[in-house]
Amino acid sequence: MKRYTLKTTEPADKASFKIDYQRELNAEQLAVVTGAEGPCLVLAGAGSGKTRTLVYRVAYLLERGVKPNRILLVTFTNKAAKEMLNRVEALLKARPTGLWGGTFHHIGNRLLRSYGKKIGIKPNFTILDQEDARSLTKACVAELNLDQSRYFPKADVVHKIISLSTNIGKPVGTVVAERFSYLEPQDIEKIETIAAAYREKKRQANALDFDDLLALWDKLLTTDATTRTKLQAQFSYILVDEYQDTNYLQNRIISHLAGGRRNVLVVGDDSQSIYSFRGADVSNILAFPKVFPDCQTQKLETNYRSTPEILNLANQSIRHNRHQFEKTLKTTKPAGSLPNVVPLVDAYQQAEFVCQRIIELQQDRDVSLNDVAVLVRAHFQSLELELELNKRNIPYEMRGGLRFFEQAHIKDIVSHLKLLHNPHDELSWLRLLRLQSGIGTVTAGRIWQAVRDLSTLTAMVRSDAAAKVGRNGWREVTTLLTKLADIGTANVSALIQQVLNSGYHSYVVANFENAADRLDDLKQLVDFAAGYTALETFLADVALSEGFRCESVAGYQEGADEAVTVSTIHQAKGLEWRVVFIIGLVDGQFPHAKVFEKPAELEEERRLFYVAATRAQRELYLTYPMAATHSGTLNQTSQFIKELPETLYEKWSVTGQTNDDLDKLNDGGVSYEPFED
């Protein structure tokens with residue numbers, strides 16, 4: 001393949017540069033900034049200054065005389081692009097006007113406005129946001145009259161399937177088989193029909209959704225050689241951030257554009273590729289040297305975040321992945337303490353330990369609550385922890401989502417139980433009724449009007465007036481409520497299981513695109529409820545009312561706007577904290593149970609563990625419950641712990657105390673010390 005070299009105006013000497021690159025960058029970063037000509041793969045380890053390197057590379061190109069409009073900088077958020085360009089401006093004391101910077105979708109929009117007519121796209125097209133796209137999908141479902149079953153997937157799920165099909169370049173049937181296998185086989189043909197109708201509606205409206213901005217950009221480059229050659233010539237230098245997160249279409253687009261001068265620099269870390277559920281494909285970065293056999297590979301392995309002990313553990317863990325680029329993070333930070341592995345009796349003692357340790361860190365080491373994060377593989381793992389944080393009045397923030405009991409599917413279940421306890425709970429009635437097929441907001445309101453003055457739940461479910469208004473949907477409600485009343489209020493777990501068995505399980509599958517995760521939550525809720533023998537107590541705990549909170553437990557010191565972060569690992573990527581707890585490290589939870597059915601996904605689970613561990617700056621705690629909370633079934637310690645050499649961590653023993661003894665609770669509730677073999 002012919003190699004093109006960009007002719008630039010080189011400064012006469014080092015004095016011509018405004019920036020002293022040798023002083024500002026380490027040796028690894030400097031090699032990338034000054035030497036990344038032609039195809040270049042930069043493997044940027046966690047905390048290694050990836051953004052800094054990209055910013056200085058752009059500045060270096062500009063100082064060499066490359067015109068801003070010849071540079072294409074692709075990021076995964078517009079915020080990241082804006083931050084990088086602002087930093088370039090600060091370095092050079094001048095705005096790089098004309099530089100092409102932004103997300104794939106942002107740049108695709110600009111190019112389709114200019115060149116889209118080559119493939120039949122009018123330049124005045126409108127862009128559908130996610131809500132618009134879902135609404136249009138819903139309209140297609142209604143017009144085609146395909147939603148004849150209560151459990152046919154709703155518009156959100158259908159749109160997610162269509163979107164994934166576009167982004168990963170696979171047919172709808174394949175997407176359903178691989179990612180939505182719980183749907184019925186007959187649904188595939190219906191979804192394909194909806195997808196065709198959806199495309200036609202967009203064409204008639206001269207509208208594109210976000211996926212079209214990529215798919216049609218790819219089509220433009222594939223089918224129009226003149227435009228492809230022009231853009232290849234325009235973008236003398238292409239820089240792409242977070243390449244491990246690119247999908248099928250994004251990878252194709254970069255390959256097309258780089259086919260000219262081939263000055264394409266992609267930055268990423270295959271060890272941090274954790275978004276396959278969004279369509280990201282780690283093979284894009286792994287195969288880059290095969291696509292560009294003459295590419296140079298540079299590594300950023302100097303970590304500026306974590307202690308050597310934390311990095312040693314992370315390095316050793318990720319080495320168990322077969323499909324990866326070998327790299328070893330190192331640091332200039334002084335030695336710290338070993339990470340701690342802490343086995344606990346169950347999830348309650350795990351929560352108690354985490355909370356007590358947070359309080360001790362605040363008191364003994366002056367650690368702010370803002371410096372602490374508790375990371376979980378799945379949302380349901382935070383259930384007991386959230387209750388314990390509330391008991392102890394420890395402020396916390398659930399990053400990137402709702403707290404466990406604030407989620408829609410949990411509130412749906414709880415609304416059923418609230419009616420057993422208080423039949424005159426209007427909000428619970430309205431929520432429960434709207435879950436039924438054929439009952440909308442107006443009908444739900446009319447049913448409530450028919451039953452609200454009746455004295456008991458039994459009288460309500462026997463209401464003739466409500467039956468006339470609600471028809472089939474009301475019959476399903478009354479059947480379920482009668483079954484719940486027969487169970488009684490002493491077996492809370494059985495009540496929840498009955499709701500699931502009476503159709504709510506299928507409702508989740510049809511209505512939520514992340515149905516598998518929500519079903520995991522509900523399974524955990526059933527187990528959690530097994531510890532209660534009174535519905536009233538369960539509902540009080542769920543409500544986390546002021547009466548449920550303790551007063552100044554264990555000496556928590558109030559700070560201004562301080563809060564512990566509780567987060568899934570996916571939401572924590574790119575962030576860092578002084579102290580990190582990774583909880584729930586048992587097989588089936590972390591790694592997730594799905595790896596037993598799909599062993600190929602184990603490597604991404606291990607990458608998740610790697611990402612979680614490398615969020616910690618100074619202290620890392622790995623905890624796991626040795627037994628299921630109520631069944632007493634023994635858990636298997638996560639293989640991510642078992643595969644680590646014991647020299648890399650310190651193992652603590654913990655003895656639990658009950659919360660009935662206030663003196664013990666104020667002393668911490670748990671005590672711990674290193675294991676003595």
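In segment 442-455, which residue that is outside any helix (DSSP H, G or I) and under 19 Å from L427 (Cβ atoms) is least open to solvent (accessible area, probe 1.4 Å)?
Applying the first criterion (outside any helix (DSSP H, G or I)) to segment 442-455 yields 452-455.
Remaining after also requiring under 19 Å from L427 (Cβ atoms): 452-454.
On the way: R452: 102, D453: 132, L454: 55 Å².
In this case the residue turns out to be L454.
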Could you go through segment 344-353 and let me know if any residue there is among the β-branched types (V, I, T), at pLDDT 95 or above and either surrounded by fewer than 21 Cβ atoms within 10 Å (Cβ to Cβ) or assigned to a helix (DSSP H, G or I) (or both). no
Among the residues of segment 194-230, count how many are surrounded by 15 or more Cβ atoms within 10 Å (Cβ to Cβ) and not charged (D, E, K, R). 15
Under 8 Å between Cβ atoms, which residue pairs at least 6 apart in sequence (or on different chains) link something in segment 432-451 that is within 17 Å of D464 (Cβ to Cβ) with a partner that is assigned to a helix (DSSP H, G or I) and among the basic types (K, R)? none
Those helices (runs of 4 or more DSSP H) lying entirely in segment 21-75 with at least 2 residues open to solvent by less than 40 Å² (accessible area, probe 1.4 Å) and more than 14 Å from S236 (Cβ to Cβ): 27-35, 50-63
Is segment 256-271 home to any residue that is at pLDDT 95 or above, hydroxyl-bearing (S, T, Y), open to solvent by 10 Å² or more (accessible area, probe 1.4 Å) and within 27 Å of P591 (Cβ to Cβ)? no
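Confirm whether T193 is assigned by the TED database to the domain that holds G260, more than 30 Å from K50 (Cβ to Cβ) and in a helix (DSSP H, G or I).
Numbers: assigned by the TED database to the domain that holds G260: no; more than 30 Å from K50 (Cβ to Cβ): yes; in a helix (DSSP H, G or I): yes.
Criteria not met by T193.
Please verify whether K391 is in the same structural domain as T568 (by the TED database), open to solvent by 10 Å² or more (accessible area, probe 1.4 Å), of a type outside the set (A, V, I, L, M) and in contact (Cβ under 8 Å) with a residue 60 or more places away in the chain, treating the condition exactly as stated.
On the way: in the same structural domain as T568 (by the TED database): yes; open to solvent by 10 Å² or more (accessible area, probe 1.4 Å): yes; of a type outside the set (A, V, I, L, M): yes; in contact (Cβ under 8 Å) with a residue 60 or more places away in the chain: yes.
For K391, the condition - in the same structural domain as T568 (by the TED database), open to solvent by 10 Å² or more (accessible area, probe 1.4 Å), of a type outside the set (A, V, I, L, M) and in contact (Cβ under 8 Å) with a residue 60 or more places away in the chain - is met.
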Condition first: in contact (Cβ under 8 Å) with a residue 12 or more places away in the chain, over 24 Å from G47 (Cβ atoms) and assigned to a loop (DSSP other than H, G, I, E, B). Now tell me which residues in segment 282-301 satisfy that. F292, D294, C295
Can you tell me which residues in segment 49-66 are under 22 Å from I254 (Cβ atoms) and in contact (Cβ under 8 Å) with a residue 60 or more places away in the chain? K50, T51, T53, L54, R57, V58, L61, V66
Does any residue of segment 151-160 turn out to be part of a loop (DSSP other than H, G, I, E, B), among the basic types (K, R), out of contact with any His (no Cβ under 6 Å at 6 or more places or on another chain) and touching a residue at least 24 places away in the same chain (Cβ under 8 Å)? yes
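Just checking, which of A554, A510 is modelled with pLDDT under 90, surrounded by 16 or more Cβ atoms within 10 Å (Cβ to Cβ) and at positive phi? Before you say what the answer is, go through the steps one by one.
On the way: A510 fails: at positive phi.
Result of the check over A554, A510: A554.
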Test each condition in (1) of a type outside the set (G, A, S); (2) assigned to a helix (DSSP H, G or I); (3) surrounded by fewer than 18 Cβ atoms within 10 Å (Cβ to Cβ) for K170 and report the one that comes out false. (2)
Hits in segment 241-270 - residues which are within 17 Å of M84 (Cβ to Cβ) and either touching a helix residue (DSSP H, G or I) at 6+ places or on another chain (Cβ under 6 Å) or not in a strand (DSSP E or B) (or both): D241, E242, Y243, D245, V266, V267, G268
Failed condition for L402, given (1) modelled with pLDDT of 90 or more; (2) open to solvent by 20 Å² or more (accessible area, probe 1.4 Å), with all others met? (1)
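Check segment 124-136 and report whether any residue there is in contact with a strand residue (DSSP E or B) (Cβ under 7 Å, 6 or more places away or on another chain), open to solvent by 70 Å² or more (accessible area, probe 1.4 Å) and farther than 19 Å from V508 by Cβ.
Restricting attention to segment 124-136, the residues satisfying the condition of being in contact with a strand residue (DSSP E or B) (Cβ under 7 Å, 6 or more places away or on another chain) are 125-128, 133, 136.
Adding the requirement that they be open to solvent by 70 Å² or more (accessible area, probe 1.4 Å) leaves 126.
Narrowing further to those that are farther than 19 Å from V508 by Cβ: 126.
Yes, segment 124-136 contains a residue that is in contact with a strand residue (DSSP E or B) (Cβ under 7 Å, 6 or more places away or on another chain), open to solvent by 70 Å² or more (accessible area, probe 1.4 Å) and farther than 19 Å from V508 by Cβ.
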Test K117 against the criterion of being part of a helix (DSSP H, G or I), closer than 21 Å to L257 by Cα, open to solvent by 80 Å² or more (accessible area, probe 1.4 Å) and not hydrophobic (A, V, I, L, M, F, W, C), and give yes or no. yes
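Here is a list: V376, V372, V354, V291. Which entry is more than 26 Å from E643 (Cβ to Cβ), of a type outside the set (F, W, Y) and within 25 Å of the chain's Cα centre (by Cα)? Please lay out each step first, then the result.
Numbers: V376 fails: more than 26 Å from E643 (Cβ to Cβ); V354 fails: more than 26 Å from E643 (Cβ to Cβ); V291 fails: within 25 Å of the chain's Cα centre (by Cα).
The match here is V372.
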Within segment 565-580, can you find the residues that are crowded, with 19+ Cβ neighbours inside 10 Å and assigned to a strand (DSSP E or B)? T565, V566, S567, T568, W577, V579, V580
Is at least one residue of segment 629-644 in a strand (DSSP E or B) and over 21 Å from A46 (Cα atoms)? yes
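Every residue, every condition in (1) modelled with pLDDT of 90 or more; (2) out of contact with any His (no Cβ under 8 Å at 6 or more places or on another chain); (3) open to solvent by 20 Å² or more (accessible area, probe 1.4 Å), yes or no:
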site: E397; (1), (2), (3): yes, yes, yes
site: K411; (1), (2), (3): yes, yes, yes
site: L432; (1), (2), (3): yes, no, no
site: A466; (1), (2), (3): no, yes, no
Checking Q436 against (1) open to solvent by less than 10 Å² (accessible area, probe 1.4 Å); (2) part of a loop (DSSP other than H, G, I, E, B), which test does it fail? (1)
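Looking only at segment 90-106, how many residues end up being free of Cβ contacts under 8 Å to residues at least 40 places away in the same chain and under 14 Å from I238 (Cβ atoms)?
To start, the set of residues in segment 90-106 that are free of Cβ contacts under 8 Å to residues at least 40 places away in the same chain comprises 90, 94-98, 101-103, 106.
Still in the running and under 14 Å from I238 (Cβ atoms): 101-102.
So the answer is 2.
The values are calculated or read from the model by the stated rules, or taken from the named source; none is laboratory data. Remember, predicted model here, so these are calculated numbers, not experimental data. For neighbour counting, all protein chains shown are included, and Cβ atoms are generated from backbone atoms with ideal geometry for every residue, glycine included. Note: areas computed on protein heavy atoms with side chains; ligands, DNA, RNA excluded. Shrake-Rupley method; radii C 1.70, N 1.55, O 1.52, S 1.80 Å.
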